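Structure, as structure tokens:
The values are calculated or read from the model by the stated rules, or taken from the named source; none is laboratory data. The structure displayed is predicted, hence computed values, not measured ones. Every residue, glycine as well, gets a Cβ built from its backbone with ideal geometry; the counts of neighbours run over all protein chains shown. When the accessible area is computed, the model is the full protein with side chains, heavy atoms only, and any ligands, DNA or RNA have been set aside. Shrake-Rupley method; radii C 1.70, N 1.55, O 1.52, S 1.80 Å.
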Amino acid sequence: MKIIRRAIIALLCVVPFAAYSLNEQPQADWEMVAKIREEGFQRSQVMDIVGYMTDVLGARLTLSEHMKKAQAWAKAKMEKIGLVNTVIEPFMDYGAAWDNEYFSLQMLEPDYQYMMGYPLAYTPGTNGKITCPAVIVNIQTKADREKYKGKLRGVAVLASPPVALNPAAMPQGVTRRTDEDLKRLEEAVTPPAPRAAAPAAPPNPDALRPEEKIEFYKAESALAVLQCDSGAFGLVRGFGRPGVNADKWSREKDLASMPIIAVTPEHYNRMYRILKRDIPVKIELEVRNRIGEAVEKACNVIGEIPGTDLKDEVVMMGAHFDSWHASPGATDDAGGCAVALEAARVLKAVGAKPRRTIRVAFWGGEEQGLNGSREYIVKHFGDVKTGFKPEYDKFSVYFNQDYGAGAFRGVNLQGNEFVRRIFAEWMKPFRDLGFTTLAIQSVGSTDHVSFDRVGLPGFQFLQDSVGFGGHANMDFFDTLVPEDLMKNAVIMAAFAYQAAMSDVRIPRKTIK
Ligand SMILES: [Zn+2]
């Protein structure tokens, strides 16, 4: 009976975007879900996996030596759990590799204070230990430069205003979604309109761009730039040097820049307030950064559980493996990678034989703009500009975790009404985990968007919020909630499995 039904469906599936027929009821596979839950809850390895990523491998800036080592580990780990066709697959030229190897910042006068901070990525080091005065500089326009000409030689520039900290607005480590919050998301029947961008202020022709400010400090022979843009206690926030995305991580531009240091607000503000009293501040700074000699390609890491009768069709799950460079990115997004890998491990452990191939992706280059997933999709599935490939029609669905490391509470439908009834059915075995909500809303800023933008079904789960140190210096293993990651891995495994087994591929939106 099943075979006959499959044969009929197979005929129907010649139409590339065949969806579930109205008469067909998708069913959760409770038997397989029981096996997945048993393996994923009673023999979980997700914390061991994410523990290795965060404690042993550490930060994973795209195209750093750290990341290369981590990707080699990820490929080997995929193979160890039984994935095949594993590959560290280059996706685009990514400039020179960059790693921070040493950092030390102290205030020496008027009082000793060790300082928390770290260098922005893609900046040069200090060439040994330097001791120098720190001075406040406030330059916004070309004209502002005049007051500082000839006055910055040999100093460290405090380049940003002090940051006001509000104890009442301290970020929470764990914020559970409330019933009202979930109800509101569920009852929003139309996708909320994209938030209108605030009207841009007319560009001030005299304003200096951040990279022009750095050029000025450098030309004036300042030794270093200190800055603070973190609004949270104890958090240092800093990304890449100004202009780096535009100049494509150029080694020459890295070397031509100057040491730029992000400092924790408490320490930065202290220096600033002392200087405002006209009392000199003296600091000691040493930064050693390794900058690669040649342009290299950044990579994604891919592995598969091969399918059976529908092995040419693909279900994907994944997360971005790259982090910023100041901490191991436990919640952003080692947790997501561990969930996808644990989901694959659980499926292997329970002996799942999916009809479609289940592919796990650890993306690179997400933090600089979803680069790894976008380029992967263009190469393997195509897009409007380069043309769609036969694999485009054989793709079913992609599942992603990247909104911190909190428990899945539902699925953001990304405006796709056609998946509602399928996902609603697959969610039923997980009501006890609080996984209950389908929200029509589209969410952005992570790798499922790369699928969505070419019309392929890609979904980011609706999550509780766990973690407050993403993109900063405090995103460590300690932030993670083991039960949340275990639940997510079990749900991810069940969704990927059922998508790989169902008679038809996940339906696509008709409106792009
Ligand atoms: Zn992320």
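Quick check on the stretch 442-461: of everything there that is farther than 16 Å from G410 by Cβ and β-branched (V, I, T), which residue is farthest from the ligand (Cβ to nearest atom)?
V454
Restricting to the stretch 84-140, what's the tally of residues that are closer than 17 Å to Y268 by Cα, hydrophobic (A, V, I, L, M, F, W, C) and out of contact with any strand residue (DSSP E or B) (no Cβ under 6 Å at 6 or more places or on another chain)?
2
When the stretch 344-361 is examined, which residues are found to be out of contact with any Gly (no Cβ under 8 Å at 6 or more places or on another chain) and of a type outside the set (K, R)?
L347, A349, V350, G351, A352
List every residue pair whose Cβ atoms lie under 6 Å apart, where the two residues are 6 or more positions apart in sequence or sit on different chains, the first residue falls within the stretch 65-82 and is among the β-branched types (V, I, T), and the second residue, located anywhere, is surrounded by fewer than 19 Cβ atoms within 10 Å (Cβ to Cβ).
Filtered contacts from the stretch 65-82: I81/K348.
Out of the residues in the stretch 428-453 that are of a type in the set (A, V, I, L, M, F, W, C) and open to solvent by 10 Å² or more (accessible area, probe 1.4 Å), which is nearest to E38 (Cα to Cα)?
Let us first name the residues in the stretch 428-453 that are of a type in the set (A, V, I, L, M, F, W, C), namely 430, 433, 435, 438-440, 443, 449, 451.
Going one step further and asking which of them are open to solvent by 10 Å² or more (accessible area, probe 1.4 Å), we end up with 433, 438, 443, 449.
On the way: L433: 14, L438: 25, V443: 31, V449: 32 Å.
The extreme case among them is L433.
Among the numbered criteria (1) open to solvent by 10 Å² or more (accessible area, probe 1.4 Å); (2) outside any strand (DSSP E or B), which single criterion is violated by M67?
With respect to (1) open to solvent by 10 Å² or more (accessible area, probe 1.4 Å); (2) outside any strand (DSSP E or B), M67 is out only on (1).
For the stretch 391-459, give me every one of the strands (runs of 3 or more DSSP E) that falls completely inside it and has 3 or more residues that are under 18 Å from K509 (Cβ atoms).
Where strands (runs of 3 or more DSSP E) fall fully within the stretch 391-459 and carry at least 3 residues being under 18 Å from K509 (Cβ atoms), they are 395-400.
Considering only residues that are open to solvent by 30 Å² or more (accessible area, probe 1.4 Å) and charged (D, E, K, R), look in the stretch 498-512 and name the one that is nearest to M32 (Cα to Cα).
Residues of the stretch 498-512 open to solvent by 30 Å² or more (accessible area, probe 1.4 Å): 501, 509-512.
Filter once more, so that each one left must be charged (D, E, K, R): 509, 512.
On the way: K509: 28, K512: 34 Å.
Once the filter is applied, the top-ranked residue is K509.
Determine which member of the set A134, A198 is farther than 30 Å from F408 by Cβ, assigned by TED's automatic domain parsing to the domain that holds R241 and either in a loop (DSSP other than H, G, I, E, B) or modelled with pLDDT of 95 or more (or both).
On the way: A198 fails: assigned by TED's automatic domain parsing to the domain that holds R241.
Result: A134 is the single residue among A134, A198 that is farther than 30 Å from F408 by Cβ, assigned by TED's automatic domain parsing to the domain that holds R241 and either in a loop (DSSP other than H, G, I, E, B) or modelled with pLDDT of 95 or more (or both).
Could you please find all residues in the stretch 464-497 being open to solvent by 10 Å² or more (accessible area, probe 1.4 Å), within 30 Å of R355 (Cα to Cα) and touching an Asp or Glu at 6+ places or on another chain (Cβ under 9 Å)? Spell out how you get there, then give the answer.
Looking only at the stretch 464-497, we keep the residues that are open to solvent by 10 Å² or more (accessible area, probe 1.4 Å), and these are 465, 467-468, 470-471, 473-474, 476-483, 486-487, 497.
Those still in the list that are within 30 Å of R355 (Cα to Cα) too: 483, 486-487, 497.
Within the stretch 464-497, M486, Y497 meet the criteria.
Please go through the stretch 74-97 and pick out each residue that is β-branched (V, I, T) and more than 20 Å from A343 (Cβ to Cβ).
Filtering the stretch 74-97 for residues β-branched (V, I, T) gives 81, 84, 86-88.
If the condition is that a residue be β-branched (V, I, T) and more than 20 Å from A343 (Cβ to Cβ), then I88 is the only one that fits.
Every residue, every condition in (1) assigned to a strand (DSSP E or B); (2) over 16 Å from A496 (Cα atoms); (3) outside the structural domain of T479 (by TED's automatic domain parsing); (4) within 16 Å of the ligand (Cβ to nearest atom), yes or no:
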site	(1), (2), (3), (4)
E304	yes, no, no, no
K311	yes, no, no, no
V314	yes, no, no, no
G318	yes, no, no, yes
W324	no, yes, no, yes
P328	no, yes, no, yes
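Any idea which residue in the stretch 223-275 is farthest from G150 (Cα to Cα), counting only those that are open to solvent by 10 Å² or more (accessible area, probe 1.4 Å), in a loop (DSSP other than H, G, I, E, B) and among the aromatic types (F, W, Y)?
F233
Matching residues to (1) in the same structural domain as G125 (by TED's automatic domain parsing); (2) of a type outside the set (K, R); (3) within 30 Å of P265 (Cα to Cα):
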site	(1), (2), (3)
Y148	yes, yes, yes
K151	yes, no, yes
A156	yes, yes, yes
A159	yes, yes, yes
A164	yes, yes, yes
P167	yes, yes, yes
P171	yes, yes, yes
R176	yes, no, yes
D179	yes, yes, no
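Of everything in the stretch 364-380 that's open to solvent by less than 10 Å² (accessible area, probe 1.4 Å) and more than 16 Å from the ligand (Cβ to nearest atom), which residue is farthest from Y122 (Cα to Cα)?
I377
Quick one: how many residues across the stretch 335-358 are of a type in the set (K, R), surrounded by fewer than 24 Cβ atoms within 10 Å (Cβ to Cβ) and not in a loop (DSSP other than H, G, I, E, B)?
Of all residues in the stretch 335-358, those of a type in the set (K, R) come to 345, 348, 353, 355-356.
Remaining after also requiring surrounded by fewer than 24 Cβ atoms within 10 Å (Cβ to Cβ): 348, 353, 355.
If we keep only those that are not in a loop (DSSP other than H, G, I, E, B) as well, we get 348.
Qualifying residue count, the stretch 335-358: 1.
Checking the structure you have, find out if any residue of the stretch 281-293 is under 25 Å from L462 (Cα atoms), crowded, with 24+ Cβ neighbours inside 10 Å and either aliphatic (A, V, I, L, M) or within 16 Å of the ligand (Cβ to nearest atom) (or both).
There is no residue in the stretch 281-293 that is under 25 Å from L462 (Cα atoms), crowded, with 24+ Cβ neighbours inside 10 Å and either aliphatic (A, V, I, L, M) or within 16 Å of the ligand (Cβ to nearest atom) (or both).
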